[in-house]
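Notes follow once the structure below has been shown.
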Amino acid sequence: MQTQVLGLSVDSKPCLIAWAKQLGGITYPLLSDFFPHGQVAQQYGVLRADGTAERAIFVVDKTGRIRYVDVHDIKQQPDNDLLFQVLAELEPGGARAATVAPAPVPTADVVLYCTPWCPDCKAAKAYLDSRGIAYVEVNLATDRAAAQRVREWTGGREVTPTFNIRGKIIVDFDRAKLNQALGIA
């Protein structure tokens with residue numbers, strides 16, 4: 001899909017970093033709408049009087065037209081699969097694009113599940129490369145079946161990076177656990 005998912009919050013950048021870590025990581029970039037406070041949220045009609053923002057999802061097409069809006073209770077987690085269906089319908093070929101067979105499950109000794117914009121994924125790749133460790137990279141942004149596998153391994157979250165090292169699952173970029181699984185000091 002030719003899409004870019006962005007998170008936007010009226011919180012400051014340090015707050016967003018802490019929030020993402022508390023969630024176990026997220027697979028898309030976060031933008032801070034902190035200064036001027038809530039300007040973007042206000043333009044989209046989701047800034048509350050108390051300075052917080054509604055939990056809202058907007059799908060904006062390439063022409064700038066809003067094609068989908070989902071505003072819901074802050075305690076609700078949006079259904080990512082529904083969003084991917086909406087996005088697929090905007091692609092050439094429509095909803096048929098969402099039914100394309102997923103890539104086969106990699107059988108390499110080291111498989112790295114990541115996204116292109118994840119800073120910890122970039123660090124993990126550099127770490128593996130610097131040690132001459134061969135790995136197969138799986139992009140969760142394009143392989144939704146792989147994203148579902150990661151959610152099953154992590155209790156429902158899409159944490160990046162996630163590693164499958166000869167059947168041992170390691171969630172997040174934990175060097176000690178990686179070294180142990182790889183048998184390096």
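Nothing in this text is a laboratory measurement; each read-out follows from the coordinates by a stated rule. None of these values were measured; they are calculated from a predicted model. Cβ placement follows ideal geometry from the backbone for every residue including glycine, while neighbour counts extend to all protein chains displayed.
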Connecting every pair of Cα atoms under 10 Å apart in the chain and solving the GNM, the largest mean-square fluctuation among Ala141, Ala124, Ala56 falls on Ala56
Size of electric dipole in the chain: Cβ of Lys, Arg +1 and of Asp, Glu -1, about Cα centre, debye, nearest 20 = 400
Which peptide among 79-91, 57-69, 155-167 comes first, and what is the full order, when sorted by highest mean count of other Cβ atoms within 10 Å?
-> 155-167, 79-91, 57-69
When the Kirkwood radius is taken over all Cα pairs of region 110-182, what Stokes-Einstein diffusion coefficient follows at 4 °C and 1.567 mPa s, in µm²/s?
-> 108
Range of Cα positions in region 7-99 per principal axis (Å), largest first = 41, 30, 22
Once fully extended, how much extra length lies between Arg175 and Cys15, figured as 0.36 nm per residue of separation less the alpha-carbon to alpha-carbon distance?
-> 55.1 nm
Ala53's amide H: which non-local residues (gap 5+, or another chain) put their own amide H closer than 5 Å, with H modeled 1.01 Å from N in plane and none for Pro or chain starts?
-> Val10, Arg48
Cα axis of helix 13-22 to longest principal axis of the chain: angle in degrees, 0 to 90, nearest 10?
-> 50
Helix 144-154 vs. the chain, principal-axis angle (Cα, 0 to 90°, nearest 10) | 80
At q = 0.15, 0.19 Å⁻¹, base-10 log of I(q)/I(0) for the chain (Debye sum, equal scatterers on each alpha carbon) = -0.98, -1.34
List, in order, the whole-Hz ³J(HN,Hα) value for each residue of region 35-40 obtained from phi through the Karplus relation with A = 6.51, B = -1.76, C = 1.60 and θ = phi - 60°; use x for Gly and Pro.
-> 9, x, 4, x, 4, 5
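Output the antiparallel fraction of DSSP beta bridges having both residues in the chain, as a percent to the nearest 5.
70
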Pairwise FRET efficiency - Lys122 versus Asp73, Cβ, R0 = 30 Å, nearest 0.05 = 0.30
Estimated [θ] at 222 nm from DSSP helical runs (n ≥ 4, -39500 (n - 2.57)) normalised by residues in the chain, nearest 500 | -9000 deg cm²/dmol
